[in-house]
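The values are calculated or read from the model by the stated rules, or taken from the named source; none is laboratory data. Here the structure is a predicted model, which is why all the values come from computation and not from measurement. Cβ placement follows ideal geometry from the backbone for every residue including glycine, while neighbour counts extend to all protein chains displayed.
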Ligand code: C2E
Ligand code: CA
Ligand code: CA
Ligand code: CA
């Protein structure tokens, strides 16, 4: 409550006030970090099911505010989307990811893109420019999109996706199974890959129908000749289940958490000349 003096306090609208002020402060802090190119990127290995070797990495944005507080992307990505900062944030993540991944031969790079970015008519060109500047083979880049824009504005989504594909960039549908993306969506956009949402994997441990749902989902993608990545794999049992169901790529804490570019270098590349 707000103290107006002489013991008089007001209760109403205070929490709203505090929330909007807190958000405005957070937005300022994020803007400051972006202007210093201070967004960090962590990389999580993508594992080939057949061989168990790393075939790619997913770039995941990380933010520590100037005051030393770490925020998860679930907080600062929506904040950036609402405050018009997502384009610059996304480009910073892409640029830093390309810079790191160019030193990893034969490794694919997956980068998440917000539906808000896809709506920007300049988006495709900015990706193409970043690839050129980093001298990075477009075929090695995969853009991960979620179904939001595909459903709310399919025409714009299709334009953006076609532009990216024409430039040789791969497109993955992220978080499949968490929302309403249909068979029609899968076909229409010509995805190069589908990522099964972690919620379907988590359900394997406690829902007796989950195995059948997972199998049907992967079979659907395979029928459309779309390869499938399973994310959020934490146990050997889950790894086995998704492999048997037809996933060709696995990702999760069982193999590695998201780690810094330096850590990935040290673990997978340095001194490893074989
Ligand atoms: P996502 O694209 O589905 O990324 C996978 C998330 O699952 C990551 O969380 C990753 O750390 C986590 N994860 C991976 N393996 C496991 C596992 O075995 N168990 C569990 N419990 N979690 C696992 P993170 O890094 O917190 O990112 C959350 C979401 O934020 C991402 O979900 C993505 O939607 C978004 N995001 C992250 N970076 C970016 C970015 O640069 N741009 C945009 N637009 N969105 C981003
Ligand atoms: Ca993703
Ligand atoms: Ca995902
Ligand atoms: Ca997710």
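Close Cβ contacts (under 9 Å, 6 or more residues apart or on different chains) running from residues in the stretch 155-179 that are at positive phi and in contact (Cβ under 8 Å) with a residue 24 or more places away in the chain to residues that are within 16 Å of ligand 4 (Cβ to nearest atom) and in a loop (DSSP other than H, G, I, E, B) comprise 175/146; 175/147; 175/181; 175/197; 175/231; 177/197.
For every residue, the table says whether it meets (1) surrounded by 15 or more Cβ atoms within 10 Å (Cβ to Cβ); (2) closer than 24 Å to residue 192 by Cβ; (3) under 21 Å from the mean Cα position of the chain (by Cα); (4) touching a residue at least 40 places away in the same chain (Cβ under 8 Å).
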position	(1), (2), (3), (4)
229	yes, yes, yes, yes
236	no, no, no, no
240	no, no, no, no
245	yes, yes, no, no
249	yes, yes, yes, yes
255	yes, yes, yes, yes
262	no, no, yes, no
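Evaluating residue 50 against the criteria (1) exposed (fewer than 15 other Cβ atoms within 10 Å of the Cβ); (2) touching a residue at least 24 places away in the same chain (Cβ under 8 Å); (3) farther than 23 Å from residue 230 by Cβ; (4) out of contact with any strand residue (DSSP E or B) (no Cβ under 8 Å at 6 or more places or on another chain) leaves one unmet condition, (3).
Per-residue answers, yes or no, for (1) more than 15 Å from ligand 2 (Cβ to nearest atom); (2) in a helix (DSSP H, G or I); (3) farther than 19 Å from residue 53 by Cβ:
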{"position": "206", "(1), (2), (3)": "yes, no, yes"}
{"position": "217", "(1), (2), (3)": "yes, yes, yes"}
{"position": "240", "(1), (2), (3)": "yes, yes, no"}
{"position": "254", "(1), (2), (3)": "yes, no, no"}
{"position": "262", "(1), (2), (3)": "yes, yes, yes"}
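Within the stretch 147-171, the only residue that satisfies the criterion of being surrounded by fewer than 21 Cβ atoms within 10 Å (Cβ to Cβ) and within 13 Å of ligand 4 (Cβ to nearest atom) is 148. Got at least one residue in the stretch 54-63 being under 15 Å from the mean Cα position of the chain (by Cα), more than 29 Å from residue 236 (Cβ to Cβ) and either crowded, with 21+ Cβ neighbours inside 10 Å or at pLDDT below 95 (or both)? Within the stretch 54-63, one or more residues are under 15 Å from the mean Cα position of the chain (by Cα), more than 29 Å from residue 236 (Cβ to Cβ) and either crowded, with 21+ Cβ neighbours inside 10 Å or at pLDDT below 95 (or both).
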